[in-house]
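This report refers to the structure that appears directly beneath it.
The values are calculated or read from the model by the stated rules, or taken from the named source; none is laboratory data. Note that the coordinates shown come from a computational prediction; the quantities given were computed from them, not determined experimentally. No Cβ is skipped: glycine too gets one built from the backbone with ideal geometry, and neighbour counts run over all protein chains shown. Surface accessibility is based on the protein's heavy atoms, side chains included, excluding ligands, DNA and RNA. Shrake-Rupley method; radii C 1.70, N 1.55, O 1.52, S 1.80 Å.
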Amino acid sequence: LNATLNALEKELAPDGFLRLHQSYLANMKHIEGIRRYKALMDNGIELDIPKARYREVEQAFIAYKGEI
């Protein structure tokens, strides 16, 4: 499954999908904000972001929001 998720990550990255965690991708247009190692989704769900990945996720989200 991990190899499949890696492949999906590469395929979907141009469409605004971001790897938040080893186990999941999220569509950045549905992320309302990033804070305290969590992505706050527009449906109320909070997704954990590991400390090792947090800075990369935060920078990608800021860059994405700047494009809108």
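Residues in the range 19-36 that are under 21 Å from LEU5 (Cα atoms) and not aliphatic (A, V, I, L, M): 8 in all. Screening the range 1-55 for residues that are open to solvent by less than 100 Å² (accessible area, probe 1.4 Å) and basic (Lys, Arg) and picking the one that is farthest from LYS65 (Cα to Cα) gives ARG53.
Scanning the range 1-58 for residues that are touching a residue at least 40 places away in the same chain (Cβ under 8 Å) and outside any strand (DSSP E or B) yields one hit, GLY16.
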